[in-house]
Amino acid sequence: MPDTGVAVSRPPASGGKPLVRLSALKRYFDVSPPWLARVLERKPRAIVQAVAGIDIEIRKGETFSLVGESGCGKSTVARLVVGLYPPTDGAIEFDGNDMAARRGRVEMSAIRRRMQMIFQDPFASLNPRWRVFDIIAEPIRAFKLASSTTEVRQRVDDLLRQVKLTPADGSKYPHEFSGGQRQRISIARALASRPEFLVCDEPTSALDVSVQAQILNLMMELQREHGLTYLFISHNLAVVYHISTRVGVMYLGRLVEVADTDTLFRRPKHPYTRMLLDTIPDLDMTGRQRAPVAGEVPSPINPPSGCAFHPRCPFANDRCKRERPATIPIEGGLVACHAIEEGRLKAEDRGYGGH
Amino acid sequence: MALIDSFRRAADSDIWHSFRASPMTMAAAAVTLFIVLAAFLAPLIALQNPFDPANLNLSDAMRPPMFFGGEWSFPMGSDDQGRDLYSAILYGTRLSLEVGLAVVFFSMILGIGLGLVAGYVGGTLDAIIMRIADVQLTFPAILIALLIDGVVRGVISVKRHEEIAVFVIVASISLAFWVQYARTVRGSVMVERNKEYVQAARVIGLPRWLIMFRHVLPNVMGPVLVIATINLGLAIITEATLSFLGVGLPSTQPSLGTLIRIGNEYLNSGEWWITIFPGLTLAALVLAVNLLGDWLRDALNPKLR
C-alpha cells in the first residue's frame, strides 16, 4: 500500500465513548400535491424518504464525515441532529440525553448550547442587516454566557481573532466581506457558545478552491484547540479524506458503508463507494480503467426495491433486486451489500492520498 | 457618534445617489415637502380657522379670488358659507394628510402582523389569513368604507357621527388596504425563513417571535416601505373620493374632498374656484407622493440599478 506523501493531520481514531448516537433515524417529507388536486385529479400522496433509517455513532473528538451524491439525504441528517427538523422516527442521543425527551426551557437550552452548526452558503447564513459583532454576540447573549457588555465585547473580539479576523471587523456588515471571510464569521458564531459538537453542512462547497484549504485548516486547528467533535457533510471526497477520522457513505437515505478514512479510501468495499472514488481525479493513476458514475440517483419518492443501488450496480443480481442487504461488520467498518456478504466481490486495494 | 455615522452612511448610500440623479424625484420631494409644511403650519399661516363657525360670515360668501375681482382678505375666494378658501385648503390638506398617514400606519401594522404570522407559521393559520385577505380583495375600498360608514350612521346620532367621522374613515380605508401589505410580507417571509441565517437563529433555540421580529422583519421591510409610500397617495385619494360622495368628512370640518364636493354644486353657476383650487392641491400632492413612491420602488429594486 503506498504511503501518503501529503501531511494529513486529521484527528486520530479515538476509543472514546460516543458523543452523538443516531439510531434507526428516519425523516420523511410529505410532498403530496394539495388536497384538492389529490381528490380531483386522483394524484397519489407522495412521501420523500430523505433519511430512511440510519445508525451512526460519533465518538468524542473525532470527525465523522457523511458523503454521497446530491439528494442522498446527508444535509437532512445534519438538520435532524441540530433539531431543525424533528425526526419522523428513531432517536438522537447527545451525550446520553435523548433529544426528543420533554424537558424545560433551561435544560433544553443547556443542551443546545453544546451543539452548533456551520452552514453551506456563507452569503445566506449571516443576517445582512446585522453587524458582524451582533451576529457573533447573538449566541453569547441568547445563552447568557456573559454578565456584562464589556465581557461580551472581549469574547467577540477573542472569537474574531481565533478565526483570523480583527476585532475592528466587528463593526462591519457581512456584505463587506468575501465568501471565505464570511465563513470565518460563521465559524466564530458557531464557536461563540463554546460548543463541543459542530455540525458542518458542506462548509467549503460554496468557496473558491484556494480558500477551501484555509477554512479546512482553520477548522482542524480549532478542533485541536477546543477538543471539538465534528459531523462533516460533504460531497467532496478530497476534502473528506483530508479531515475525517471515519467516513459514512450515504445512498438514497441509507448508509451503505462506514469505515475508517484510510480503510475506506484504500480498501473500498461497497460498489457505490468504489464508484465515488473513481470520480476523484488524480495525476498518476495511469492505465487503470475507471468506471464512470453511470445513471442518476433514483427518486427517493419511489426508491428501487431491494438494494436501492441495484439499478446502477455492475455486480447486481436477482437477490439485490428483491432483498435489502443487511449491514454487516467487516474489517472494523460496516457495509450493506449482498455481493460482499456472499464473497462474490472482494475488497479492492487501491492507492489514494499521493505517492 | 452612531447618529453621525448613520448620516454619513445615508449620504453615501445608493439611494441618495439615485435621488440626486433624478430631477423629477427632487421636484416631487420639494412639492411634497412644501405642501406638508404648509398643511402642518396651517394655524400660523392661515387667515382664519375655517373649522370654527364663529369666524364665518355668510355675507362674505362666494367672493371671487383676487385677480378675478376679489380682495386680499380672500386670496383664493370664499365658499358658500363665507369661508376663506385659502385657509380651508390649508386645514383641509392637513386633514387629508392626517387621514392618509393614519391609514398607512394602521393598515401597515395590521398587514405586517398578519403577513408575518401567515408566512412564518404557515399551515392552517396561513390558509385562514390568506383566504380572509382574498375575500377582502374582492371588495373595493370604497364599498367597504360605504358599508362601515352606513352601519355607523345607523347606530349613532348625526352629531356624534361628525365627531368620530375621522376615525370611521381611517378604520374603513385601513381595513381595505391591509391586504397588500399582508401578501407582500407573507411572500418575503416565506423566502427569508428558509435562509440559513434564520436556521442559525433556530439552532440557538431562540423563540419564534424573537426570530420573526429580530431577523425576518427587518429583511422584509424594503418592499413594505415602497407600498406604504404609494399607498399614502392612494389613501388620500380614497378619502377624497369618499368625502366627495358625502360619506367621508362632514362639511363642518372639510377635507380636500369635501371642499371639492361643495364646489361641485356651484361649478355650473360660475363659482369655479371652490372646486378648482382644492382639486389642484389634491392633484399636486398625490402626484408628488406617487412619483416619490415610484422612485423608491425603482431605487430599492436591485435589478433596475
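The values are calculated or read from the model by the stated rules, or taken from the named source; none is laboratory data. Just so it is clear, the structure is predicted and the values come from calculations on it, not from any experiment. Because the Cβ atoms are built from the backbone with ideal geometry, glycine has one as well, and the counts that use them run over all protein chains shown. Please note that ligands, DNA and RNA were not included when accessible areas were found on the heavy atoms of the full protein model with its side chains. Shrake-Rupley method; radii C 1.70, N 1.55, O 1.52, S 1.80 Å.
Computed values, structure above
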{"quantity": "A:GLN120 more than 14 Å from chain B (Cβ to nearest Cβ) and either open to solvent by 50 Å² or more (accessible area, probe 1.4 Å) or farther than 29 Å from A:PHE177 by Cβ (or both)", "calculated": "no"}
{"quantity": "Close pairs from segment B:206-221: first closer than 22 Å to A:ALA110 by Cβ, partner assigned to a helix (DSSP H, G or I) and among the aliphatic types (A, V, I, L, M), Cβ under 7 Å, at least 6 apart", "calculated": "B:LEU206/A:ALA142; B:ILE211/B:VAL198; B:ILE211/B:ALA201"}
{"quantity": "Where a residue in segment A:77-96 is farther than 13 Å from A:ARG21 by Cβ and within 14 Å of another protein chain (Cβ to nearest Cβ) and its partner, wherever it lies, is surrounded by fewer than 18 Cβ atoms within 10 Å (Cβ to Cβ) and of a type in the set (Phe, Trp, Tyr), with Cβ under 6 Å and at least six apart", "calculated": "A:ARG79/A:TYR85"}
{"quantity": "Condition broken by B:ILE144, with the remaining ones in (1) crowded, with 16+ Cβ neighbours inside 10 Å; (2) within 14 Å of chain A (Cβ to nearest Cβ); (3) outside any loop (DSSP other than H, G, I, E, B) satisfied", "calculated": "(2)"}
{"quantity": "Residues being surrounded by 16 or more Cβ atoms within 10 Å (Cβ to Cβ) and under 18 Å from B:ASN194 (Cα atoms) - total across segment B:98-128", "calculated": "7"}
{"quantity": "Every residue from segment B:162-207 that is away from chain A (no Cβ under 14 Å) and either open to solvent by 60 Å² or more (accessible area, probe 1.4 Å) or outside any helix (DSSP H, G or I) (or both)", "calculated": "B:GLU162, B:GLU163, B:PHE167, B:LEU175, B:GLN180, B:ARG183, B:MET190"}
{"quantity": "Residue identified as open to solvent by less than 40 Å² (accessible area, probe 1.4 Å) and under 29 Å from B:VAL117 (Cα atoms) among B:GLY246, B:GLY263, B:GLY222", "calculated": "B:GLY222"}
{"quantity": "Hits in segment A:182-231 - residues which are of a type in the set (Asp, Glu), more than 14 Å from chain B (Cβ to nearest Cβ) and under 17 Å from the mean Cα position of the chain (by Cα)", "calculated": "A:GLU196"}
{"quantity": "Condition broken by A:LEU126, with the remaining ones in (1) hydrophobic (A, V, I, L, M, F, W, C); (2) under 30 Å from A:SER171 (Cα atoms); (3) within 14 Å of the chain's Cα centre (by Cα) satisfied", "calculated": "(3)"}
{"quantity": "Residue tally, condition surrounded by fewer than 16 Cβ atoms within 10 Å (Cβ to Cβ) and part of a helix (DSSP H, G or I), over segment A:198-217", "calculated": "4"}
{"quantity": "Which listed residue, of B:PHE67, B:PHE51, B:PHE74, is out of contact with any Phe, Trp or Tyr (no Cβ under 8 Å at 6 or more places or on another chain) and either under 25 Å from B:VAL286 (Cβ atoms) or aromatic (Phe, Trp, Tyr) (or both)", "calculated": "B:PHE67"}
{"quantity": "Of all residues in segment A:305-330 being among the aliphatic types (A, V, I, L, M) and out of contact with any Phe, Trp or Tyr (no Cβ under 9 Å at 6 or more places or on another chain), the one that is modelled with the lowest pLDDT", "calculated": "A:ILE330"}
{"quantity": "Residue within segment A:34-45 that is surrounded by 16 or more Cβ atoms within 10 Å (Cβ to Cβ), on the phi < 0 side of the Ramachandran plot, in a loop (DSSP other than H, G, I, E, B) and within 14 Å of another protein chain (Cβ to nearest Cβ) present", "calculated": "no"}
{"quantity": "Hits in segment B:3-60 - residues which are at pLDDT 85 or above, farther than 28 Å from B:GLU163 by Cβ and in a loop (DSSP other than H, G, I, E, B)", "calculated": "B:SER22"}
{"quantity": "Residue that is closer than 25 Å to A:GLU257 by Cβ and open to solvent by 40 Å² or more (accessible area, probe 1.4 Å), where the choices are A:ASP89, A:ASP95", "calculated": "A:ASP89"}
{"quantity": "Which numbered condition B:ILE237 misses (of (1) surrounded by 21 or more Cβ atoms within 10 Å (Cβ to Cβ); (2) among the aliphatic types (A, V, I, L, M); (3) over 26 Å from the mean Cα position of the chain (by Cα))", "calculated": "(3)"}
{"quantity": "Residue in segment A:142-181 that is nearest to the other protein chains (Cβ to nearest Cβ), counting only those that are surrounded by 15 or more Cβ atoms within 10 Å (Cβ to Cβ) and within 19 Å of B:ARG202 (Cα to Cα)", "calculated": "A:ALA142"}
{"quantity": "The one condition in (1) at pLDDT 90 or above; (2) within 9 Å of another protein chain (Cβ to nearest Cβ) that A:MET108 fails to fulfil", "calculated": "(1)"}
{"quantity": "Residues located in segment A:146-190, provided they are under 20 Å from A:GLN214 (Cα atoms) and of a type in the set (A, V, I, L, M, F, W, C)", "calculated": "A:LEU159, A:LEU160, A:VAL163, A:LEU165, A:PHE177, A:ILE185, A:ILE187, A:ALA188, A:ALA190"}
{"quantity": "Among (1) closer than 15 Å to A:PHE119 by Cα; (2) crowded, with 21+ Cβ neighbours inside 10 Å; (3) within 13 Å of another protein chain (Cβ to nearest Cβ) - the single one A:ALA137 does not satisfy", "calculated": "(1)"}
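The rows are residues; the columns are (1) touching a Ser or Thr at 6+ places or on another chain (Cβ under 9 Å); (2) at positive phi.
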residue: B:VAL224; (1), (2): yes, no
residue: B:ILE227; (1), (2): yes, no
residue: B:GLY233; (1), (2): no, no
residue: B:LEU242; (1), (2): yes, no
residue: B:GLY246; (1), (2): yes, yes
residue: B:SER255; (1), (2): yes, no
residue: B:ASN264; (1), (2): yes, no
residue: B:PRO278; (1), (2): yes, no
